[in-house]
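**Student:** I am attaching a structure below and will ask some questions about it afterwards.
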Amino acid sequence: MLIIHNYWFLYIPYLTWLYFDWHTPDQGGRRSNWVRNWTVWKYFKDYFPIHLIKTQDLDPSHNYIFGFHPHGILVAGAFGNFCTNYSDFKELFPGFTAYLHVLPFWFRCPLFREYLMSSGPVSVSKESVSYVLSKDGGGNISVIVLGGAKESLDAHPGEFTLFIRQRKGFVKIALTHGAYLVPVFSFGENELFKQISNPEGSWLRTVQEKLQKIMGFALPLFHARGVFQYNFGLMPYRKAIHTVVGRPIPVRQTLHPTLEQIEELHQTYMEELRKLFEEHKGKYGIPEHKTLIFK
């Protein structure tokens, strides 16, 4: 509409700004405490509600990668805990700054990118993660939803399927920068929505996977409750989310890690993630026979 009505005095300055600001999402972003303090985020946190649980103290002299699982539909636990000032993050992890890494696509959307960066997220590109982890003095945390968009297609209530076996880039970056790895499991993330059945091999799953490859993000067909009724709608169910931060895995800096070193650390990470899930699943109502499925 700006172009049609020839409001050049609005879009030309903004496009000029966009040109010079294009790489900011790869360079730590531009967070605003004013936005992170909006009262709406308090209501967002209390709606489910969202809880952050620490299992072990972290050394602020190190940098860390938090591997966040599962993706779910909304990734509410990651946003609520690491992108607002109403979570217990500062109390539980004093001296740390968390950066939630999201798809670069969202930073290519004019105006929306400014709003998104103001709450704290940055790009999930290799350059962005390296920028955070290469900061001197430690105390920086890269929060990466490792399953990515593909994992959202398996976000069904009561299911715990994680796309992790082929996700090894984060391990290489951790070795390169000497960043400690920390598995994080968000119990309740998959319970917020119901998704139309889309088993692998079905026509719906085939279409979704093709679209995901083309666009870079997935399109799960989900539903939950309405504003004033519980039968159908797009509002998430009010299910408690407990985001549990596991034990850190020490990583020795290796500037040129071998495939064997990457594979060994990746295997260790998956074992620690499984231990974290098994140790805490009983506290959050998950049946004993349920376990993680790694794909």
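**Student:** Does Leu181 satisfy being among the hydrophobic types (A, V, I, L, M, F, W, C), more than 27 Å from Tyr43 (Cβ to Cβ) and open to solvent by less than 40 Å² (accessible area, probe 1.4 Å)?
**Tutor:** In short, yes.
**Student:** Would you be able to say whether some residue in segment 231-241 is over 24 Å from Tyr47 (Cα atoms) and outside any loop (DSSP other than H, G, I, E, B)?
**Tutor:** The answer is no, given that none of the residues of segment 231-241 is over 24 Å from Tyr47 (Cα atoms) and outside any loop (DSSP other than H, G, I, E, B).
**Student:** Scanning segment 222-255 for residues that are among the hydroxyl-bearing types (Ser, Thr, Tyr) and under 20 Å from Gly80 (Cα atoms), which turns out modelled with the lowest pLDDT?
**Tutor:** Ranking the qualifying residues of segment 222-255, first place goes to Tyr237.
**Student:** Right, here's the next one. Starting from segment 1-27, take each residue that is open to solvent by 90 Å² or more (accessible area, probe 1.4 Å) and list its partners that are in a helix (DSSP H, G or I) and of a type in the set (Gly, Ala, Ser), counting only C-beta distances under 9 angstrom and pairs at least six apart or across chains.
**Tutor:** Gln27/Ser128
**Student:** Another one. Looking at Ser123, Ser152, Ser142, which is the one that is buried (at least 24 other Cβ atoms within 10 Å of the Cβ) and modelled with pLDDT under 95?
**Tutor:** One residue alone meets the criteria, Ser152.
**Student:** To continue, here is another question. Output the qualifying pairs, or none if there are none: Cβ atoms under 9 angstrom, residues six or more apart or on different chains, first residue in segment 58-69 and of a type in the set (S, T, N, Q), second residue buried (at least 24 other Cβ atoms within 10 Å of the Cβ) and part of a loop (DSSP other than H, G, I, E, B).
**Tutor:** Asn63/Ala179
**Student:** Being farther than 20 Å from Phe217 by Cα, among the aliphatic types (A, V, I, L, M) and in a helix (DSSP H, G or I) is the filter here, so list the residues in segment 131-152 that pass it.
**Tutor:** Correct list: Val132, Leu133.
**Student:** I need a count of the residues in segment 28-59 that are open to solvent by 40 Å² or more (accessible area, probe 1.4 Å) and either of a type in the set (Asp, Glu) or assigned to a helix (DSSP H, G or I) (or both).
**Tutor:** Result for segment 28-59: 11.
The values are calculated or read from the model by the stated rules, or taken from the named source; none is laboratory data. Since the structure is predicted, the reported quantities are computational estimates derived from the model, not experimental observations. Heads up, the Cβs are rebuilt from the backbone with ideal geometry, glycines too, and the neighbour counts pull from every protein chain shown. What goes into the accessible areas is simple: the full protein's heavy atoms, side chains included, and nothing from ligands, DNA or RNA. Shrake-Rupley method; radii C 1.70, N 1.55, O 1.52, S 1.80 Å.
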